[in-house]
Number of protein chains: 2
Amino acid sequence: MGYVKWRYEVLDRFCQDVFEAFGFTKEESGIIKDVLLTSDLFGIESHGMQRMVRYHKGIEKGIIHLDAKPEVVFETPVSAVIDGHSAMGQLVGHFAMEKAIEKAKASGVGIVTVRESNHYGIAGFYAKMASDQGLIGMSFTNSEAIMVPTFGRKAMLGSNPIAVAMPADPYPFFFDAATTVVTRGKLEIYNKLSKPLPEGWALDKDGHASTDAPDVLANIVGGYGGGIMPLGGNQEVTGSHKGYGYGILCEIICSILSLGVTSAHCCTFPDKTGICHGFVAIDPKIFGDAEQIKKHLSEFMEELRQSPKADGQERIYTHGEKEVIATRRAMEEGIPVNDNTMLELAELCDYLKLDFNSYFEGYEVVDDGSMFRGNY
Amino acid sequence: MGYVKWRYEVLDRFCQDVFEAFGFTKEESGIIKDVLLTSDLFGIESHGMQRMVRYHKGIEKGIIHLDAKPEVVFETPVSAVIDGHSAMGQLVGHFAMEKAIEKAKASGVGIVTVRESNHYGIAGFYAKMASDQGLIGMSFTNSEAIMVPTFGRKAMLGSNPIAVAMPADPYPFFFDAATTVVTRGKLEIYNKLSKPLPEGWALDKDGHASTDAPDVLANIVGGYGGGIMPLGGNQEVTGSHKGYGYGILCEIICSILSLGVTSAHCCTFPDKTGICHGFVAIDPKIFGDAEQIKKHLSEFMEELRQSPKADGQERIYTHGEKEVIATRRAMEEGIPVNDNTMLELAELCDYLKLDFNSYFEGYEVVDDGSMFRGNY
């Protein structure tokens with residue numbers, strides 16, 4: 001098993017058709033597809049094509065409500081509260097960030113808090129929606145609990161990412177990071193490779209640090225305790241309380257302000273996840289000359305990139321640079337999709353009565369030891 | 001040398017008189033004093049009485065401009081840009097947060113960015129100003145460079161704290177944390193105690209991890225390179241890029257939006273520091289029922305505190321709880337002040353022609369091995 005690379009256009013057409021086949025409109029399907037493929041273009045495999053199966057299951061189980069539409073239940077010129085009515089998370093997220101952008105353009109700032117949604121893909125997509133229009137964008141989401149509070153042994157907060165985007169040249173500022181030290185997907189990769197986890201990532205069911213990936217994952221799945229450490233580890237000396245604090249901040253903007261479901265209770269219901277989001281858009285014009293501000297940010301980030309490197313390091317990155325490089329490369333060389341994911345996509349085609357071969361002609365699992373194959 | 005404890009009232013009267021003697025008005029002196037003593041009440045010794053000497057030097061050198069007043073140079077109903085004109089940082093910070101609060105009360109949100117200020121004490125003080133009035137408050141500041149970017153060897157960002165406060169019962173949410181793993185003060189404490197630094201804190205001049213406190217501090221003071229790691233250490237595997245990203249976020253709100261001086265250039269001028277701040281106030285009413293939101297946050301934080309503890313741990317804290325406990329204790333038992341600091345205060349009295357003994361009657365340095373002495 002390895003990876004097969006596909007041209008962007010192949011995956012684009014496939015995703016569009018899949019979501020239309022589920023019953024979403026053309027426009028809705030385009031939004032969902034854009035969120036997923038942006039993740040793959042950025043090199044974040046965990047939140048792209050690999051997630052198709054999760055959304056399929058969510059729709060089948062009735063956790064994602066196909067016909068539901070997000071609704072504004074309270075608003076002011078600078079804010080809105082949205083009930084997602086358990087619609088597809090990407091559609092709720094897109095709708096909510098559009099609302100934040102609209103308010104930022106009219107009033108300078110838009111803050112939107114959302115309850116009763118679903119997993120919405122990468123947080124950064126929505127922050128980028130704002131920065132693509134010259135604004136500062138922020139995006140937050142809670143999720144099922146995976147972060148163990150400092151000194152605890154039970155996961156009480158989600159991976160609770162905070163994403164921030166702002167225009168700059170030649171690379172925008174684009175920051176998208178879980179407030180846990182890593183996401184669960186990273187643990188799963190180490191598990192698949194039968195490698196011990198790095199120190200400072202995970203806790204066993206009693207709250208002790210653990211590098212035993214199968215044990216940690218079994219405890220998480222079984223709900224026996226343990227989970228992932230906050231950014232900063234599990235001790236105050238390494239700043240555990242700081243990552244834990246950022247996790248709470250994310251929760252405030254998502255589930256507290258919206259009076260929604262906090263992470264410890266998300267995904268415990270038969271007919272919904274209860275996942276909450278938060279979105280902020282700010283027009284830099286409310287601080288004067290937006291072009292001057294963009295230039296100042298561009299110069300600041302260039303200064304960071306050009307600053308002296310540590311012994312043995314060749315490059316200092318600023319956030320957003322890697323995503324631009326990854327996108328350029330994926331567009332030129334194709335997007336890698338795991339053979340396991342390809343099998344899931346084949347099953348999805350069966351379910352939706354789509355012709356797998358009309359997208360992925362000639363695809364077969366070849367155990368020839370090559371990492372990448374495909375039509376790129 | 002040890003610590004001597006003083007009743008709050010003693011330090012309150014002393015600080016008020018000191019700042020009035022410098023030439024600040026009664027009201028201004030009260031503000032500066034409140035910022036410093038709030039730090040001591042919270043148990044953050046580094047930013048309280050111990051800082052008096054720094055402000056004294058700043059005024060003497062002409063870096064802090066005694067007669068300068070902060071000025072609003074641009075504003076909208078939801079925002080302001082303030083030029084601090086190198087006035088005392090606490091006065092600039094207080095003025096700017098008052099402006100953010102005023103705008104939040106009128107428009108729902110107030111975002112204020114500040115250039116050309118000075119060190120303003122603990123970031124959390126200003127966030128608390130908002131939460132004491134029922135709002136969500138945020139406070140940010142840059143400073144002289146101390147944080148080394150991921151893969152770098154030169155400090156390019158300040159300790160760049162982010163503070164957030166929001167009302168809740170019985171303890172508010174009060175988060176105030178450097179985006180570096182620790183502040184420079186912590187390194188100085190290890191140095192004084194001749195102890196090696198914990199792993200994951202500091203870098204030597206070549207960008208290698210170092211536990212050698214005297215060497216790291218000498219390199220910082222001499223400008224030879226090295227510094228403190230971002231929250232998350234110096235490797236991507238432990239999330240270094242995340243702390244580095246939060247450091248940039250802080251810089252954006254402070255120095256980028258205000259077109260001010262970024263941390264790498266702060267404190268390099270003969271007549272100013274150029275330090276920048278950022279302040280946000282949000283009225284929870286713009287999301288509906290503020291009382292319900294406060295109740296939801298209170299219950300969420302109680303659930304965190306009551307969640308199962310790790311083996312060997314007795315308590316899970318939420319941010320703000322320790323500060324309430326520390327304040328109660330300091331009010332009952334007195335505020336500890338280091339003998340070194342007491343000697344600095346005596347020199348300050350000489351300089352300002354204040355009678356040291358009228359505040360600290362009978363004080364003498366007694367090397368009797370006791371940790372605490374005083375009039376508490």
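The values are calculated or read from the model by the stated rules, or taken from the named source; none is laboratory data. Note that this is a predicted model, so its numbers are computed, not measured. Neighbour counts are summed over all protein chains in view; Cβ atoms, including those assigned to glycine, are modelled from backbone coordinates with ideal geometry.
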Among the residues of the range B:252-309, count how many are within 27 Å of residue A:79 (Cβ to Cβ) and out of contact with any Cys (no Cβ under 8 Å at 6 or more places or on another chain). 30
Here's a check for you: in the range A:258-268, which residue that is in a helix (DSSP H, G or I) and surrounded by fewer than 24 Cβ atoms within 10 Å (Cβ to Cβ) is nearest to the other protein chains (Cβ to nearest Cβ)? A:264
Those residues of the range B:302-317 that are more than 7 Å from chain A (Cβ to nearest Cβ) and either in contact (Cβ under 8 Å) with a residue 12 or more places away in the chain or not in a helix (DSSP H, G or I) (or both) come to a total of 5
Residues B:4, B:18, B:78, B:10: which one is free of Cβ contacts under 8 Å to residues at least 40 places away in the same chain, crowded, with 18+ Cβ neighbours inside 10 Å, over 17 Å from residue B:93 (Cβ atoms) and among the hydrophobic types (A, V, I, L, M, F, W, C)? B:78
Does residue A:267 satisfy being touching a Ser or Thr at 6+ places or on another chain (Cβ under 6 Å), on the phi > 0 side of the Ramachandran plot and assigned by TED's automatic domain parsing to the domain that holds residue A:122? yes
Looking at the range A:98-123, which of the residues that are in a loop (DSSP other than H, G, I, E, B) and within 14 Å of another protein chain (Cβ to nearest Cβ) is surrounded by the fewest Cβ atoms within 10 Å (Cβ to Cβ)? A:108
In the range A:305-359, which residues are surrounded by fewer than 16 Cβ atoms within 10 Å (Cβ to Cβ) and among the aromatic types (Phe, Trp, Tyr)? A:351
Out of curiosity, is residue B:206 out of contact with any helix residue (DSSP H, G or I) (no Cβ under 9 Å at 6 or more places or on another chain), not in a helix (DSSP H, G or I) and not assigned by TED's automatic domain parsing to the domain that holds residue B:261? yes
For the subset of the range A:130-158 comprising residues that are more than 10 Å from chain B (Cβ to nearest Cβ) and touching a Lys or Arg at 6+ places or on another chain (Cβ under 7 Å), which member is nearest to residue A:114 (Cα to Cα)? A:137
Is it true that some residue in the range B:226-234 is surrounded by fewer than 24 Cβ atoms within 10 Å (Cβ to Cβ) and on the phi < 0 side of the Ramachandran plot? no
Considering each of A:143, A:159, A:139 in turn, give the residue that is crowded, with 23+ Cβ neighbours inside 10 Å and in a strand (DSSP E or B). A:139
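For (1) over 21 Å from residue A:127 (Cα atoms); (2) surrounded by 22 or more Cβ atoms within 10 Å (Cβ to Cβ); (3) within 11 Å of chain A (Cβ to nearest Cβ), each residue gets a yes or a no:
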| residue | (1), (2), (3) |
| --- | --- |
| B:215 | yes, no, no |
| B:242 | no, yes, yes |
| B:256 | no, yes, yes |
| B:270 | yes, no, no |
| B:290 | yes, no, yes |
| B:294 | yes, no, yes |
| B:300 | yes, yes, yes |
What do you reckon, is residue A:337 more than 14 Å from chain B (Cβ to nearest Cβ) and in contact with a Lys or Arg (Cβ under 9 Å, 6 or more places away or on another chain)? yes
Within the range B:319-334, of all residues that are touching a strand residue (DSSP E or B) at 6+ places or on another chain (Cβ under 7 Å) and closer than 23 Å to residue A:249 by Cα, the one farthest from the other protein chains (Cβ to nearest Cβ) is B:323
Restrict the check to the range B:249-257 and report whether at least one residue is β-branched (Val, Ile, Thr) and in contact with a helix residue (DSSP H, G or I) (Cβ under 6 Å, 6 or more places away or on another chain). yes
Out of (1) touching a Ser or Thr at 6+ places or on another chain (Cβ under 9 Å); (2) part of a helix (DSSP H, G or I); (3) away from every other protein chain (no Cβ under 14 Å), the odd one out for residue A:64 is which? (2)
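I want to confirm something. Restricting to the range A:217-240 and keeping residues that are assigned to a helix (DSSP H, G or I) and of a type in the set (Gly, Ala, Ser), which single residue is farthest from the other protein chains (Cβ to nearest Cβ)?
A:218
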Count, please, the residues in the range A:72-97 that happen to be outside any loop (DSSP other than H, G, I, E, B) and either touching a Phe, Trp or Tyr at 6+ places or on another chain (Cβ under 9 Å) or of a type in the set (A, V, I, L, M, F, W, C) (or both). 17
Tell me, which residue of the range B:184-213 that is surrounded by fewer than 20 Cβ atoms within 10 Å (Cβ to Cβ) and touching a Ser or Thr at 6+ places or on another chain (Cβ under 6 Å) is farthest from the other protein chains (Cβ to nearest Cβ)? B:185
The listed residue being of a type in the set (Gly, Ala, Ser), within 15 Å of the chain's Cα centre (by Cα) and either more than 14 Å from chain A (Cβ to nearest Cβ) or within 25 Å of residue B:178 (Cβ to Cβ) (or both), out of B:84, B:93: B:93
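In this structure, does residue A:279 turn out to be aromatic (Phe, Trp, Tyr), surrounded by fewer than 24 Cβ atoms within 10 Å (Cβ to Cβ) and either in a helix (DSSP H, G or I) or assigned by TED's automatic domain parsing to the domain that holds residue A:91 (or both)?
For residue A:279, the condition - aromatic (Phe, Trp, Tyr), surrounded by fewer than 24 Cβ atoms within 10 Å (Cβ to Cβ) and either in a helix (DSSP H, G or I) or assigned by TED's automatic domain parsing to the domain that holds residue A:91 (or both) - is not met.
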Take residue A:288 and decide whether it is at positive phi and either modelled with pLDDT under 95 or in the same structural domain as residue A:106 (by TED's automatic domain parsing) (or both). yes
Hits in the range B:244-254 - residues which are more than 8 Å from chain A (Cβ to nearest Cβ) and within 13 Å of residue B:277 (Cβ to Cβ): B:250, B:253, B:254
